[in-house]
Amino acid sequence: MVTSDGGGGGKLKKVLGLGYWVQGFRCFPWLVVSFYLKDGLKVDPSTLQILQNSANLPMVGKPLYGLVSDSVYISGQHRVPYIAFGAFLQALSWIIIAICPSNMSIFTISIYLLLSNLGASIAEVANDAIVAEMAKQSPSSTKHPQPSSSGNLQSFVWIACSAGGVLGNLLAGIFIGRFHPQTMFLYFGLLLALQFFITISVPETSLGLPKTPSVGIRNQLSQLLVALRKPEIAYSISWFTASYAIIPALTGTMFFYQTQHLNINSSVLGISKVFGQATMLLWGIIYNKYFKSIPPRKLISSIQVTMAFFMVSDFLFVRGFYRQMGVPDSLYVVIFSGFLEVLFLFKILPFSVLIAQMCPPGCEGSIMAFLMSSVALAFIVSGYLGVALASYVKITGSDFSGFPLALLIQAACTLVPTFWSSCIPDKVESKAKRKDS
């Protein structure tokens, strides 16, 4: 039996809201990193994309962090301490980057970026586990029902993350030409330090989390393997991961095309990312209100097709089609490029709701961590495929003649997963309903 009160619900939202908001606000230093690598360290498009994707390698270790979080309790707590530790690692890495000499080597900054993402991934695992645990509670299981059933809590944290992204991109776009990059890194490091102190001040017992006994890492790993052998979980995660990995990402090439070839101002890119994050924020609200009842397979497949449509639109953009129609490049970058960048993430919300419903009790952190690490690995593979594709069509920092062909290949690859979307269940019964039946 889970007991909860109004204060517990408020503290739960405080911890999760702040955690996911900071997670979204991470775009603030990362947009600066892109310009710092391009203008400060003079890297080429392929090197930029390799560095950005390689920095995400700690995300692949999320299943391990999930196993530890599920089974190793610290002072009787197994979620909040990991969120705090993740915030501490991030604060440490960004503050070190801020105080290091501005001519630091690519290798040095890569190490600190890896440390930052290690902390981020540990915090995200703990946050995702809390959401998965609370999402499976039926309203009758608490004295004071929390807004966590039927995807409400997922929508809340999605909105918090998107709100952080909106503000982070807006501030980055405004300040990137006015402050030194390391000053901006310092501001973000201090924000993470604040998150650390706020998080450790909240006892986990006050959050109203389900009581699950510690079973040890070996037993937890055994439970995870049993869960992953369930066809509905294994097929769904396999499809979802492949739907990202099969797409050759061209983000580094597009960044150079917009800033080098079109001379798009950094503030325009910032506004573009703000527009994208605003649509993510709106998506969280719209999904919770209108799309929750749509079968997951239909909704996720529709998003996949929409992604391919916007990639074809990028092809027309690079070919100058919209320019000939009188549409300014900056307007297209703000609206279409900003939207496509976050459209990749739209599938995560409905799929997270689906997986949370299928998670066996006691290994929510492990399953959600395995899912997000699979997605992280898929994005890394996607980034490396994009580098290979850009090299194949002979794209360089000054020659983008092969870019239109690369975008068409990207769109075609995006459509391929829709042919085996039957791997995604159309409907999953809640745990409570299964027990009643």
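Descriptive notes on the structure:
- Cα-centred dipole magnitude for the chain, charges only on beta-carbon of K, R (+1) and D, E (-1), debye, nearest 20: 740 debye
- Probe 1.4 Å, all protein chains present, accessible-area order of Leu186, Leu51, largest first: Leu186, Leu51
- About the centre of its Cα atoms, the stretch 148-277 shows a dipole size close to 160 debye [charges on the beta carbon of Lys, Arg (+1) and Asp, Glu (-1) only; nearest 20 debye].
- Among Thr108, Thr183, Thr279, the residue with the largest mean-square fluctuation in a Gaussian network model of the chain, with springs joining Cα atoms closer than 10 Å, is Thr108.
- Subset of Lys62/Lys289; Lys38/Lys62; Lys14/Lys38; Lys230/Lys347; Lys14/Lys230 violating a 26 Å alpha-carbon distance limit: Lys62/Lys289; Lys38/Lys62; Lys14/Lys38; Lys14/Lys230
- Comparing Ala245, Cys161, Ser206 along the charge dipole axis of the chain, the residue lying farthest to the positive side is Ser206, per the Cβ-charge model.
- Alpha-carbon centroid distance for the pair the stretch 104-128 / the stretch 30-72, whole angstrom: 7 Å
- Unit charges on C-beta of K, R, D, E only; dipole of the stretch 217-426, Debye: 320 debye
- Ordered by 1.4 Å accessible area with all protein chains kept, Ser34, Ser105 run largest first as Ser105, Ser34.
- Long hydrophobic helices in the chain, taken as whole DSSP H segments with a C-alpha length of 27 Å or more on their own axis and mean Kyte-Doolittle hydropathy at least 0.0: 6-25, 80-99, 106-135, 152-175, 181-200, 266-286, 296-318, 364-392.
- Inverse mean reciprocal Cα-Cα distance (Kirkwood Rh) of the chain, Å: 22.3 Å
- Where only alpha carbons of the stretch 290-373 are counted, the Rg and the Dmax (Å): 17.5, 58
- Å³ per residue enclosed by the Cα convex hull of the stretch 217-426: 134 Å³
- Residues whose amide H lies under 5 Å from that of Ile264, counting only those 5 or more places away or on a different chain, are Thr259; hydrogens are built 1.01 Å from N in the peptide plane.
- Using just its DSSP H runs of length 4 or more, each adding -39500 (n - 2.57), the chain gives a mean residue ellipticity at 222 nm of -22000 deg cm²/dmol after division by all residues.
- Computed over the chain: relative contact order in percent, which uses C-alpha pairs under 8 Å that are six or more apart: 29 percent
The values are calculated or read from the model by the stated rules, or taken from the named source; none is laboratory data. Just so you know, these numbers come straight off a predicted model, no measurement behind them. Cβ atoms come from the backbone with ideal geometry, glycine included; neighbour counts cover every protein chain shown. Ligands, DNA and RNA are excluded from the accessible area calculation, which covers all protein heavy atoms including side chains. Shrake-Rupley method; radii C 1.70, N 1.55, O 1.52, S 1.80 Å.
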